[in-house]
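Chemist: The structure under discussion is supplied below as structure tokens; questions concerning it will follow.
The values are calculated or read from the model by the stated rules, or taken from the named source; none is laboratory data. Note that the structure is a prediction, hence the values are computed from the model and not measured. So basically every Cβ, Gly included, is an ideal-geometry build from the backbone, and we count neighbours across all protein chains shown.
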Amino acid sequence: METFYEWFLVLYEDTGINLPFMYDDYDRGRILNGLWATIKLSAICVLFSVIIGMVGAWLQGSPWKVTRRVVNVYIQLFRNTPPLVQLYFFYFAVGILIPRVENDWGGTSPLIDSFGWAVISLSFFAGAFNVEIFRSGIEAVPKSTIEAAKALGFSRLQIYKDITLPLALRVVIPSLNNNLVNLVKTTTLAYAIAVPELLYESNQIWSDNVNVTEMMLFLLIAYFVLVGILVWAMNSWDRSLKIPGFGQ
Amino acid sequence: MQLNFVKKIALTAALALSTATAVYADVIDDIKERGTIRVGVKADYKPYGFRDTDGSIVGIEPELAKDVADMLGVDIEYVPVVSSNRMQFLEQGKVDLMIATMTDKPDRRKVVSIVDPNYYSSGTNILALKSLGLKEWTDLKGKPVCGIQGAFYNKATSQNYGAKIVAFKGTAEAYAALKAGNCAAFVYDDSAIVAKTKDPEWAGYEMPLATIDDAPWGLAVQLGEDKFHAMMSGIIIAWHKSGRILDLETKWGVTNTPFAKTMNEN
């Protein structure tokens, strides 16, 4: 392994291609941390945003006007403002209003740290789009199917979770796929509130080593691979959900 | 027609080049002829160069620049610059002189003509809550420390002292995060931190550690301007000898720095 790492030092000396995160222990630690933080942030936000989408779409069909209003206000608020502005707003404006707790270095800090705010902000941001995406799927489910379920005595929640949602899911996967790909790419914005994700750590490395070109190329490939994995997973999920006579 | 056009361009270029050479031959004559010296200064670096409430640029460096203008008997025009464009402004002749908190580095000497002796110096320190009682750099071990993205001392602070660097885009964000309690300290230029500790808004904060990485600042003229260079060198020596730098520090609320004191004594 050590010779493998040293090969990159030779590469640098011979060609000028500088990849310090391959031969420098400290920089390698930074990149691995960054990669892990990006994967963690993406996975948590994808999960929460899908949950928000499903629940939001269900609430949108609520018989109560107030519930429908609240969901609509949420969608308008989060869909119509830039995610970077939301991150700044949560971290710098809401962050100072929430209770502070004693921390392990003898001071007090806000209850939610930058990573927490990134999760909250990005999940709600992507969730707002997901609500609309799921709604489009729900509206594609034939009315007669729902009427048949009602006639069989299913409750509203049962109809949603056992009939409408499973059918809607098959319709929405392509557009959900789009939105989740966007979400993974948007995690790079967390860099602005100092979440140590991949772009942030790369920036630290290129500031110290002035190897901007190499790091840009690395970032491009890294995100291409990360998003590629997500797209592949979504596509295989799409295939596994195939049922005859519906959608495809 | 086409040929004519090309000829015209070539002629204009040749003409511009000859005037340029004539101008660059001696910038002092040019300044006197123009009646104005254009000086590149910072406009966001209190108290070294910043905007007053009325929008005019004031501070230690603008005052030093004014000295040069007075010596030449010309008017002064302040051109606000930032770290990423200051050397280019000078190279392209947009400014005649640059006094913009620039650290003197060998690779920078290849691009612009940095004048000896150095007129100022600053290093790295932290701004932290007094109540934390930090004494040594190693006290930062394991604690989150705010910083500026791209600052060269981030890596050193985390590698040598074990601090967890939380780096932001600009100083405003870093100060806000420090105030909100997201970090235990803010690592930055000591010259800027000194000014903050004087600010009533930052009353509970201090600059508790010994300054590290002390590095000299250099003012610069264009490469090849030997006469102007020599003149500026004489002016800097006079600033140090007469205690002008020390007086300006006092005037703008900066504790006299060791560098300025030593230069004054020698």
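Chemist: Go through (1) touching a helix residue (DSSP H, G or I) at 6+ places or on another chain (Cβ under 9 Å); (2) within 14 Å of chain A (Cβ to nearest Cβ) and name the single condition B:L64 misses.
Modeler: Tallying (1) touching a helix residue (DSSP H, G or I) at 6+ places or on another chain (Cβ under 9 Å); (2) within 14 Å of chain A (Cβ to nearest Cβ), B:L64 fails exactly one: (2).
Quick grid of which residues meet (1) at pLDDT 95 or above; (2) of a type outside the set (G, A, S); (3) surrounded by fewer than 17 Cβ atoms within 10 Å (Cβ to Cβ); (4) in the same structural domain as B:Y45 (by TED's automatic domain parsing):
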position	(1), (2), (3), (4)
B:S191	no, no, no, no
B:V194	no, yes, no, no
B:K198	no, yes, yes, no
B:A210	no, no, yes, no
B:L223	no, yes, yes, yes
B:D226	no, yes, yes, yes
B:D247	no, yes, yes, yes
B:T255	no, yes, yes, yes
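Chemist: Exactly one of (1) at the interface with chain A (Cβ under 10 Å from one of its Cβ atoms); (2) in contact with an Asp or Glu (Cβ under 9 Å, 6 or more places away or on another chain); (3) in contact (Cβ under 8 Å) with a residue 60 or more places away in the chain is unmet by B:L209. Its number?
Modeler: Here B:L209 clears every test but (1).
Chemist: Would you confirm, using the coordinates I've provided, whether A:L226 is within 15 Å of the chain's Cα centre (by Cα), part of a helix (DSSP H, G or I) and within 13 Å of another protein chain (Cβ to nearest Cβ)?
Modeler: Working: within 15 Å of the chain's Cα centre (by Cα): yes; part of a helix (DSSP H, G or I): yes; within 13 Å of another protein chain (Cβ to nearest Cβ): no.
No; evaluated as a whole, the condition is false for this residue.
Chemist: Could you tell me whether A:V85 is within 14 Å of chain B (Cβ to nearest Cβ), β-branched (V, I, T) and loosely packed, with under 14 Cβ neighbours inside 10 Å? It would help to see each step written out before you state the result.
Modeler: Values: within 14 Å of chain B (Cβ to nearest Cβ): yes; β-branched (V, I, T): yes; loosely packed, with under 14 Cβ neighbours inside 10 Å: yes.
So A:V85 fits the description; yes.
Chemist: Here is a follow-up. Specify the residue that is farthest from A:L241 (Cα to Cα); the eligible residues are those in the stretch A:142-162 that are more than 27 Å from the chain's Cα centre (by Cα) and surrounded by 16 or more Cβ atoms within 10 Å (Cβ to Cβ).
Modeler: A:F154
Chemist: For the stretch B:152-206, which residues satisfy the criterion of being assigned to a strand (DSSP E or B) and within 9 Å of chain A (Cβ to nearest Cβ)?
Modeler: So the first thing to find is which residues in the stretch B:152-206 are assigned to a strand (DSSP E or B), and the list is B:164-168, B:185-189, B:205-206.
Passing the criteria: B:K164, B:I165, B:V166, B:A167, B:F168.
Chemist: Take the residues of the stretch A:130-173 that are among the aromatic types (F, W, Y) and part of a helix (DSSP H, G or I): which is modelled with the highest pLDDT? Reasoning before the result, please.
Modeler: First pass over the stretch A:130-173, keeping only residues among the aromatic types (F, W, Y): A:134, A:154, A:160.
Still in the list and also part of a helix (DSSP H, G or I): A:134, A:160.
Working: A:F134: 95, A:Y160: 91.
The residue in question is A:F134.
Chemist: Taking the condition within 14 Å of chain B (Cβ to nearest Cβ), part of a helix (DSSP H, G or I) and either surrounded by fewer than 16 Cβ atoms within 10 Å (Cβ to Cβ) or of a type in the set (D, E, K, R) (or both), does A:D208 pass?
Modeler: Working: within 14 Å of chain B (Cβ to nearest Cβ): yes; part of a helix (DSSP H, G or I): yes; either surrounded by fewer than 16 Cβ atoms within 10 Å (Cβ to Cβ) or of a type in the set (D, E, K, R) (or both): yes.
Yes, satisfied.
Chemist: With (1) in contact with a Leu (Cβ under 8 Å, 6 or more places away or on another chain); (2) more than 11 Å from every other protein chain (Cβ to nearest Cβ) as the list, and B:G123 as the residue in question, which single condition is left unmet?
Modeler: Condition not satisfied by B:G123: (1).
Chemist: Which ones in the stretch B:37-60 are surrounded by 15 or more Cβ atoms within 10 Å (Cβ to Cβ) and among the β-branched types (V, I, T)?
Modeler: B:I37, B:V39, B:V41, B:I57, B:V58, B:I60
Chemist: Also: When you scan the stretch B:102-118, do you find a residue that is in a loop (DSSP other than H, G, I, E, B), more than 14 Å from chain A (Cβ to nearest Cβ) and among the small types (G, A, S), even just one? First the steps, then the outcome.
Modeler: Kept after step one, since they are in a loop (DSSP other than H, G, I, E, B), are these residues of the stretch B:102-118: B:102, B:104-105, B:110-112, B:115-118.
Checking the rest, the ones that are also more than 14 Å from chain A (Cβ to nearest Cβ) come to B:102, B:104, B:110-112, B:115-118.
Subsequent filtering for residues that are among the small types (G, A, S) retains none.
Taking every residue of the stretch B:102-118 in turn, none turns out to be in a loop (DSSP other than H, G, I, E, B), more than 14 Å from chain A (Cβ to nearest Cβ) and among the small types (G, A, S).
Chemist: Would you be able to tell me the number of residues in the stretch A:58-75 that are touching a residue at least 40 places away in the same chain (Cβ under 8 Å) and either closer than 28 Å to A:I193 by Cβ or within 14 Å of chain B (Cβ to nearest Cβ) (or both)?
Modeler: Here the count works out to 3.
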